[in-house]
1. Counting only residues that are more than 10 Å from the chain's Cα centre (by Cα) and buried (at least 19 other Cβ atoms within 10 Å of the Cβ), which one in the stretch 117-139 is farthest from TYR81 (Cα to Cα)?
2. Do we find that ALA74 is open to solvent by less than 70 Å² (accessible area, probe 1.4 Å) and not basic (Lys, Arg) in this structure?
3. I need the full set of residues from the stretch 48-80 which are without any contact (Cβ under 8 Å) to a residue 60 or more places away in the chain, assigned to a helix (DSSP H, G or I) and under 16 Å from ASP36 (Cα atoms), in order please.
4. Looking only at the stretch 95-110, filter to residues that are small (Gly, Ala, Ser) and either in contact (Cβ under 8 Å) with a residue 40 or more places away in the chain or surrounded by fewer than 17 Cβ atoms within 10 Å (Cβ to Cβ) (or both); which one of those is farthest from LEU180 (Cα to Cα)?
5. What pairs can you find where one residue is in the stretch 111-123 and modelled with pLDDT of 90 or more and of a type in the set (A, V, I, L, M, F, W, C), the other is assigned to a helix (DSSP H, G or I) and surrounded by 18 or more Cβ atoms within 10 Å (Cβ to Cβ), and their Cβ atoms are less than 6 Å apart, with a gap of 6+ or different chains?
6. So SER92 passes all but one of these: (1) under 23 Å from PRO35 (Cα atoms); (2) open to solvent by 20 Å² or more (accessible area, probe 1.4 Å); (3) under 16 Å from the mean Cα position of the chain (by Cα). Which condition number does it fail?
7. Pull up the stretch 29-43, narrow it to residues that are part of a helix (DSSP H, G or I) and in contact with a helix residue (DSSP H, G or I) (Cβ under 8 Å, 6 or more places away or on another chain), then point me to the one that is farthest from GLU152 (Cα to Cα).
Amino acid sequence: MRSLTNRFRAKSARLDDRYSTAVIRQAAALCLHYPDEIFHSRVPLVRGALAQIGPRPAGALLTAFLDDVCAWPAAELAAHYVTVFDMRNRRSLYLSWWREGDTRRRGEALVTFKRIYREHGLEFTGEELPDFLPAVLEFAATGGPGPAAAGEALLGEHRPGIELLRFALLDVGTPYAGVLEAVCATLPGASPADRAQARALAHAGPPREDVGLDGYRARGVER
């Protein structure tokens, strides 16, 4: 008998949501990697995985991104990626940079990322730093329920930086903004409507977030 209210839903539906979220995060992780030959070779797999989970707004954003960038000459896309994700231009993919900047505290934050991965039976071996957003997305997507929860917690903890990156990408009109919108769509609650709300989100978090905001102001990120 179907429930007369919306208070309950089948466990299979919850599992389906978790699977779809994992697919979107894994797909977004690939989309945010440097667009080398490996990236281009995996695009058909990503398209197939997104098609498998059916029509979802975040999936549509990623599909639109792939449609766009795969039409670019490979060299042009690679050059665009390097220009867009530049810390000097305040568009970093390294999550701890947004909170700690280039300070000694950032080293401690990187150790924390590695420790969390290790606690869930995963050793970080990537060439990038462990706070690289695609790495965190992969951690949340591929390691089972424990890593999924820990990965989502990391993404939530660093959401102010993720949202500020989203706004920065929207400002420059890059297709990568759609990928960040898809990432934010997998997180609980609505995204802030503007930078002021994103900074307020940081202020509402743990006291340590305020330290990061000092870094934002020092680097002029509020502009």
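The values are calculated or read from the model by the stated rules, or taken from the named source; none is laboratory data. Bear in mind the structure is a predicted one, so any value in this text is a computation, not a measurement. Every residue, glycine as well, gets a Cβ built from its backbone with ideal geometry; the counts of neighbours run over all protein chains shown. When the accessible area is computed, the model is the full protein with side chains, heavy atoms only, and any ligands, DNA or RNA have been set aside. Shrake-Rupley method; radii C 1.70, N 1.55, O 1.52, S 1.80 Å.
1. Keep residues of the stretch 117-139 that are more than 10 Å from the chain's Cα centre (by Cα), which gives 117-131, 139.
Now narrow it down to the ones that are buried (at least 19 other Cβ atoms within 10 Å of the Cβ): 117, 130-131, 139.
Values: TYR117: 27, PRO130: 20, ASP131: 18, PHE139: 22 Å.
Once the filter is applied, the top-ranked residue is TYR117.
2. Working: open to solvent by less than 70 Å² (accessible area, probe 1.4 Å): yes; not basic (Lys, Arg): yes.
Against the criterion (open to solvent by less than 70 Å² (accessible area, probe 1.4 Å) and not basic (Lys, Arg)), ALA74 qualifies.
3. Selection gives LEU66, ALA74, ALA75, GLU76, LEU77, ALA78, ALA79.
4. Here is the first cut: in the stretch 95-110, the ones small (Gly, Ala, Ser) are 96, 101, 107, 109.
Among the residues that remain, those that are also either in contact (Cβ under 8 Å) with a residue 40 or more places away in the chain or surrounded by fewer than 17 Cβ atoms within 10 Å (Cβ to Cβ) (or both) are: 96, 101, 107.
Values: SER96: 17, GLY101: 20, GLY107: 25 Å.
This residue is GLY107.
5. Close Cβ pairs (under 6 Å, with a partner that is assigned to a helix (DSSP H, G or I) and surrounded by 18 or more Cβ atoms within 10 Å (Cβ to Cβ)) amount to ILE116/ALA150.
6. If we test SER92 against (1) under 23 Å from PRO35 (Cα atoms); (2) open to solvent by 20 Å² or more (accessible area, probe 1.4 Å); (3) under 16 Å from the mean Cα position of the chain (by Cα), just (2) comes out false.
7. Residues of the stretch 29-43 part of a helix (DSSP H, G or I): 29-31, 37-43.
Narrowing the set further to residues that are in contact with a helix residue (DSSP H, G or I) (Cβ under 8 Å, 6 or more places away or on another chain) leaves 29-31, 39-40, 42-43.
Working: ALA29: 14, LEU30: 17, CYS31: 18, PHE39: 24, HIS40: 27, ARG42: 24, VAL43: 24 Å.
Among them, the one singled out is HIS40.
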